Amino acid sequence: MRILKTIAFLCALALPAAALAQQNYDPWRGTTPEAKSDTKAKTNTKTDAKTKSEKKTAQTKSGGANTLTLETTKGKIVIRLRTDLAPNHAKRLQQLASEGFYNNVPFHRVIAGFMAQTGDGQNGDGTGGSKYPDLKAEFSNVPFRRGIVGMARKGGDNNSANSQFFIMLDEQSSLNGQYTVVGEVTSGMNVVDKINKGEPPRTPDRILKAIPGQ
C-alpha cells in the first residue's frame, strides 16, 4: 500500500513539470518561444539590412544626377558636383552642359602642379562666359586639394563666376575660401594629368562633350 501511495505521489509531482514543459514549447514550429523570438529577430535584421541596401542603392542612383562627365581628347573625366556646398554653381554647370555649351571647348590654361582650366564656351581663351548672369560666391571650408573642381572668376570680384571652372592638379591652400568649390573628380584624374600644359597650350586638349547626370 505504501508503495502505491509513493508511486501516486511521484506521479503528482511529475504532472506540473510536464505541464510547464508543454507551455514552453511550440509544437507547431518545433522551437521554444525564445528561439522563435530569436528567429524573428534574425528576420528583422535581414529586413533592416535589405532596407538599408535599398536606401543605399537609391542614394547611389540619385547621386548619379549630381555628376558631370567630360569626354575629352585625352579620355573621360567624371566629376561629382557638390550640390550641398554650391547648389547654384552646380546647377549652372549642369545647365550649360545640357545645352551643349561645353562641347569642343578647350582647356585654355593648364599649369603643371597647379590646375587645368576650361569652360569658356564663348571665346575659348578665358575671356568669355555664358548668356546667363554671374553667380554669387558659395564659399565653403573644403580645401583646394588635388581633384577638387573650383569655379573661375574675374579678378578680385568674388561674385563673378559664370561658366569657367578648373580642376586641381595639386593642393593649393592659397585658394581656400577664395573660390567656390563646385565638385571633385571621382574618376579620370590620370586623364587630367595628361592634358596639354600651357597658357595657352600650343595644342590645347578639348572637352569633346560634357554630359550632365552620368
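The values are calculated or read from the model by the stated rules, or taken from the named source; none is laboratory data. These figures come from a predicted structure and were not determined experimentally. Don't worry about glycine lacking a Cβ; one is built from the backbone with ideal geometry, like all the others, and counts go over all protein chains shown.
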> Quick one: which of V110, V182, V149, V142 is in contact with a His (Cβ under 6 Å, 6 or more places away or on another chain), of a type in the set (A, V, I, L, M), at pLDDT 95 or above and on the phi < 0 side of the Ramachandran plot?
Replying inline: V182
>> What's the total number of residues in the range 133-161 that are surrounded by 23 or more Cβ atoms within 10 Å (Cβ to Cβ) and either polar (S, T, N, Q) or in contact (Cβ under 8 Å) with a residue 60 or more places away in the chain (or both)?
In response: 3
> Residue check: is I167 within 23 Å of the chain's Cα centre (by Cα) and not acidic (D, E)?
Replying inline: yes
> Would you say D84 is under 26 Å from G64 (Cα atoms), free of Cβ contacts under 8 Å to residues at least 24 places away in the same chain and either acidic (D, E) or in contact with a Cys (Cβ under 9 Å, 6 or more places away or on another chain) (or both)?
Replying inline: yes
> Which of (1) out of contact with any Phe, Trp or Tyr (no Cβ under 6 Å at 6 or more places or on another chain); (2) modelled with pLDDT of 95 or more does M168 not meet, given it meets every other one?
Replying inline: (1)
>> Given the criterion touching a residue at least 40 places away in the same chain (Cβ under 8 Å), within 19 Å of E99 (Cα to Cα) and not hydrophobic (A, V, I, L, M, F, W, C), identify the matching residue among G121, G128, G183.
In response: G121
> Here are some conditions: (1) surrounded by fewer than 16 Cβ atoms within 10 Å (Cβ to Cβ); (2) more than 24 Å from the chain's Cα centre (by Cα); (3) not basic (K, R). G124 meets all but one. Which one does it not meet?
Replying inline: (1)
> Only one of (1) within 20 Å of K209 (Cβ to Cβ); (2) out of contact with any Phe, Trp or Tyr (no Cβ under 7 Å at 6 or more places or on another chain); (3) crowded, with 20+ Cβ neighbours inside 10 Å fails for G119. Which number is that?
Replying inline: (2)
